[in-house]
1. For 54, 159, 125, which order do you get if you count the other beta carbons within 10 Å of each Cβ and list the fewest first?
2. Using the count of nearby Cβ atoms within 10 Å as a rough guide to exposure, how do 59, 153 rank from fewest to most?
3. Fewest Cβ neighbours within 10 Å first, please rank 69, 107, 41 accordingly.
4. What is the distance, in nm, between label points placed 7 Å from the Cα along the Cα-to-Cβ direction at residue 30 and at residue 85?
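Just so you know, all these numbers are worked out from the coordinates, no wet-lab data involved. What you are looking at is a predicted structure, and each value in this text was computed from that prediction instead of being measured. Methodologically, a virtual Cβ is constructed for each residue, glycine included, from the backbone with ideal geometry; neighbour enumeration extends over all protein chains shown.
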């Protein structure tokens with residue numbers, strides 16, 4: 001008669017192949033559902049940047065307008081001093097030119113391109129496109145719907161239109 005040793009240490013030697021496959025399948029399903037949320041966050045980052053730029057433009061517009069009111073520069077043209085630079089104002093509001101907004105917001109031209117439909121100062125509108133190099137993005141930014149814009153006011157009693165579009169970021 002043969003004696004079979006059934007001690008607990010000898011019977012359980014590890015996981016079976018089926019158990020390992022089930023765990024791998026479950027981990028794969030979890031990875032497939034969670035990964036898309038973390039893979040491409042650049043669109044959210046661009047949208048947040050555009051919203052922040054719009055807020056900065058709003059604040060700067062209010063500041064320049066207050067300075068223009070104090071200096072009685074509410075005519076069709078004028079200038080106020082911001083950061084030691086003369087800034088052009090139209091009807092007491094900042095003009096829509098790249099030079100004005102580079103001075104007001106201290107933007108780096110490599111980070112944001114200030115342009116109005118491709119040319120600075122066209123039609124009293126200026127558009128801020130997201131980087132990394134704005135010159136590369138300028139042609140596509142409006143068609144991609146990822147920008148902030150500033151449109152000059154027609155008179156001294158109407159606030160300029162400051163908008164943003166982030167549907168294509």
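1. In increasing order of surrounding Cβ atoms, one gets 159, 125, 54.
2. Numbers: 59 12, 153 19.
Ascending Cβ contact count within 10 Å gives the list 59, 153.
3. In increasing order of surrounding Cβ atoms, one gets 41, 69, 107.
4. Between residue 30 and residue 85, the simple spin-label model gives 5.3 nm.
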